[in-house]
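So the structure is just underneath, and the comments pick up after that.
The values are calculated or read from the model by the stated rules, or taken from the named source; none is laboratory data. It should be emphasised that the depicted structure is a prediction, and the values quoted were computed from it without experimental measurement. Cβ placement follows ideal geometry from the backbone for every residue including glycine, while neighbour counts extend to all protein chains displayed. Remember, those area values only see protein heavy atoms, side chains included, never the ligands or the DNA or RNA. Shrake-Rupley method; radii C 1.70, N 1.55, O 1.52, S 1.80 Å.
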Amino acid sequence: MPKVTVDGTEVEIQAGSTVLQACEVAGVEIPRFCYHERLSIAGNCRMCLVEVEKSPKPVASCAMPVNEGMVIKTDTPMVHKARKGVMEMLLINHPLDCPICDQGGECDLQDQALGYGFDKSRYEENKRAVKDKDFGPLIETHMTRCIHCTRCIRFSTEVAGVPDIGAIGRGEHMEITTYLDAAVGSEMSGNVIDLCPVGALTSKPYAFVARPWELKKTESIDVMDAVGSNIRIDARGPEVLRVLPRLNEDVNEEWISDKTRFAYDGLKRQRLDRPYLRENGKLREASWDEVFLAVSAKLKSTAGDKIAAIAGDLVDAESMYALKELLGSLGAKSLDCRQDGAKLDATSRASYIFNSGIAGIEQADVVLLIGSNPRFEAPIVNARLRKRYLMGGFKIASVGPALDLSFPVESLGAGPQTLGDLAAGKHGFAETLKAAKNPMIIVGQGALARADGAAVLAAARKLADAAGVVKDGWNGFNVLHTAAARVGGLDLGFVPGQGGKDVAGILEGAQSGAIEVVYLLGADEIDNSKLGKAFVIYQGHHGDAGAHRADVILPGAAYTEKDGTYVNTEGRVQRAKRAAFPLGEAREDWKIIRALSQVIGKTLPFDTIQQLRAKLAAAHPTFATLDALAPAAWGAFGQEGAMDGAAFRAPITNFYMTDPISRSSVTMAKCAEVQSSRAKDTGTHG
């Protein structure tokens, strides 16, 4: 490892590192605009100039590799003059937009102009003006402010893998634009807003809404998919105004999907903010006492085997545990958190988590996707797969519907027949998996959420054993979930007990009269027409499908309005924190269930969320450890049997509208419209 001297301090730096990285190791901050640690080096802003001994002119530190014995100086008259000159050139054409620019207060150009620039300008000519571009419904453009750092171009090309943004022209005529003036077609396009060091690219839904110092910032967890991206929620008063990513190298790095970032406007539309009771076929507003008495009377007068509960995709673990304990005390055994009907085996944790971890994708050399489209189901996972693809020596194949991902995918077949051939060693790709050092299988809900899902799961496990996907120090068998609540529900056993019914059985029982009471805990993705004449209790935060069918509505809190525990697709336990208070008379879900238990006469043994979490961790030790991955024991799971010949179907066809929050979002509706028109124009779904 070469040793270099930075401002008189000798540091040892990894070979191949740049001068800028050496300065960072030495604790010296180097200003930059174009350089970003996750993007390729462009070296075109020149703000990072430093002096290197024996060099006749300042050196761009982001593009210069270190050499043994190099002497670097960052605080000399030459460096100061060079940086002031660069800043003066950058500001020649930059407009005086700070008072009306949404980047104000968070602008790299503002900060660095103060720290490294002149206090006056010597430029007297007219400023350059550039026409604003249409990047779609998410990104607001003010291209006169653009300093041509090209971060947005490099992100869309390298990370998102959808090269919709590029540069045309040269010199002062250069402009950043989208090809054919179309909207950016990536599910991660909003990240260019964070990357832009000036106010050229800002958030269109957030435009002119607030200044950063007005906002209360809360570190939390995203629930729009099962990745569990780390986010920061910015709120003013009762309203969430912005969602930004937080750094977590093991989960989402520093990226989030567009649905995570922009669906927040759905939090204030179609909300349930007071209890309702159905009388004479119509819902009417009621008091908490009224609805509790109605629910209590119905539950107490119904036999336990005629009571069922279904938990939805956005429910926190505390609420599921509380409801499970309450209904368990009434003798109910028909509970299920798999509202999509996926045949996930709750008896073996290794059968339903992403065992290698999301970061483990970077260690794999072959991956087989089974009934999964990660671009729509988990864009962050798709970005990690692309990152591994760009490293080289990585082969990706798929069994299921045709995929339009951000990297090449070999299609092996459409359904169970191909999977069966692979498991039996009759397909050539089985040998490719077997020969790999770290082979990986990713099973999606498109393969499991079907009648023969248990047999498909067993076939996938058989293939994993035959191909050596599980070995010492490596478990490449992964299940990619689409729902934030799913793994937590399976971990705490929100599944049918002995003699209980699953979702399909509950709906069938409701139609036949075998199930008389159905408790929907935020469950909106089921076929409500199959609930028959059952008494339906809906507890949730949006007036979505479940609320329309309900006989009693208990208004709950959205994920931004409560403290809650979620377990992501890897099995990583994470905590979401309250950023705002529930609307109107709505309350946190576990508190509603605790209050109901007292009315029923089956008071649950906790009064605070800390007590509830202690009970949860004692009953299910998985929840005792936060933000860590624990290896799961590899055992038998699935149920061998005949598989249907029908092709695997994609579980998500409209990425932008998958849950009550995103379906209520105007921004997501605009994105879905753009996606639909693009698909019609090009015949694709990208």
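Counting Lys and Arg as +1 and Asp and Glu as -1, what is the net charge of the other residues whose Cβ lies under 12 Å from the Cβ of Asp527?
Counting the neighbours of Asp527, the net charge comes to -2.
Explain nothing, just compute: Karplus ³J(HN,Hα) = 6.51 cos²θ - 1.76 cosθ + 1.60, θ = phi - 60°, for every residue of region 537-544 in order, whole Hz, x for Gly and Pro.
Each residue's phi maps through the Karplus curve to give 9, 10, 10, x, 10, 10, x, 9 Hz.
Give Lys343/Lys602; Lys259/Lys670; Lys259/Lys530; Lys298/Lys602; Lys282/Lys602; Lys204/Lys670 a once-over and call out the pairs whose C-alpha atoms are over 20 Å from each other.
Lys343/Lys602; Lys259/Lys530; Lys282/Lys602
Counting Lys and Arg as +1 and Asp and Glu as -1, what is the net charge of the other residues whose Cβ lies under 11 Å from the Cβ of Ile353?
Net charge in that neighbourhood comes out at +1.
Roughly speaking, what is the centre-to-centre gap between region 494-537 and region 586-656 when only Cα atoms are used, to the nearest Å?
18 Å
Classify region 317-362 as rounded, prolate or oblate, taking a ≥ b ≥ c as the square roots of the eigenvalues of its Cα gyration tensor: rounded when a/c is under 1.5, otherwise prolate if a/b is larger than b/c and oblate if not.
prolate
In percent, how large is the relative contact order of the chain, given Cα pairs closer than 8 Å and 6 or more residues apart?
Worked out over the chain, it gives 15 percent.
Taking a 18 Å limit on the Cα-Cα distance, which of the listed pairs Lys217/Lys562; Lys324/Lys501; Lys395/Lys462 fall beyond it?
Lys395/Lys462
Report the Rg/Rh value for region 358-450, based on alpha-carbon coordinates and the Kirkwood definition of Rh.
Here Rg/Rh amounts to 0.93.
From the helices alone, meaning DSSP H stretches of at least four residues, give me the mean residue ellipticity at 222 nm for the chain, per-run term -39500 (n - 2.57), in deg cm²/dmol to the nearest 500.
Only helices count here, giving -8000 deg cm²/dmol.
Per residue of region 332-339, in order, report the coupling 6.51 cos²θ - 1.76 cosθ + 1.60 (Karplus, θ = phi - 60°) as ³J(HN,Hα) in whole Hz, putting x for Gly and Pro.
Values, residue by residue: 7, 10, 8, 10, 7, 9, 9, 5 Hz.
Which cross-chain or sequence-distant (5 or more) residues have an amide H under 5 Å from the amide H of Tyr352, H modelled 1.01 Å from N in plane?
Amide H to amide H, under 5 Å and 5 or more residues apart or across chains, Tyr352 pairs with nothing.
What figure in square angstrom, to the nearest 10, would you give for the accessible area of Arg338 with a 1.4 Å probe?
30 Å²
Once amide H atoms are built 1.01 Å from N in the peptide plane, which residues 5 or more positions from Val366, or in another chain, come under 5 Å H to H?
Lys395, Asn438, Met440
Share of region 265-376's accessible area from carbon and sulfur, percent, 1.4 Å?
Within region 265-376, the accessible surface is 45 percent carbon and sulfur.
Out of residues 5 or more away from Tyr519 or on other chains, whose amide H comes under 5 Å of its own, with H placed 1.01 Å from N in the peptide plane?
Ala308, Ala309, Ile310, Ile537
Taking every DSSP beta bridge that has both residues in the chain, what percent is antiparallel when rounded to the nearest 5?
Given both bridge residues lie in the chain, the antiparallel proportion sits at roughly 55 percent.
Which shape class, rounded, prolate or oblate, goes with region 1-85 when its Cα gyration tensor gives a ≥ b ≥ c as root eigenvalues, a/c under 1.5 marks rounded, and past that a/b bigger than b/c marks prolate?
Because a/c hits 1.5 or more and a/b fails to exceed b/c, region 1-85 counts as oblate.
Using the heavy atoms of the protein chains alone and a 1.4 angstrom probe, what is the accessible area of the chain per residue in square angstrom?
On a per-residue basis, the chain sits at 40 Å².
With angles folded into 0 to 90 degrees, how steeply does helix 609-619 sit against the dominant principal axis of the chain? Use alpha carbons for both and round to 10.
With both axes taken from Cα atoms, the answer is about 70 degrees.
Which Cα, out of Gly444, Val19, Gly341, lies furthest along the positive dipole direction of the chain (beta carbon charges, K/R +1, D/E -1)?
Farthest along the dipole direction, towards plus: Gly341.
Give, rounded to the nearest 20 debye, the magnitude of the charge dipole that the chain has about its Cα centre when Lys and Arg contribute +1 at Cβ and Asp and Glu contribute -1 at Cβ.
500 debye
So what is the diffusion coefficient of the chain in µm² per second by Stokes-Einstein at 10 °C and 1.306 mPa s, using a Kirkwood Rh over Cα pairs?
For the chosen part, D equals 58 µm²/s.
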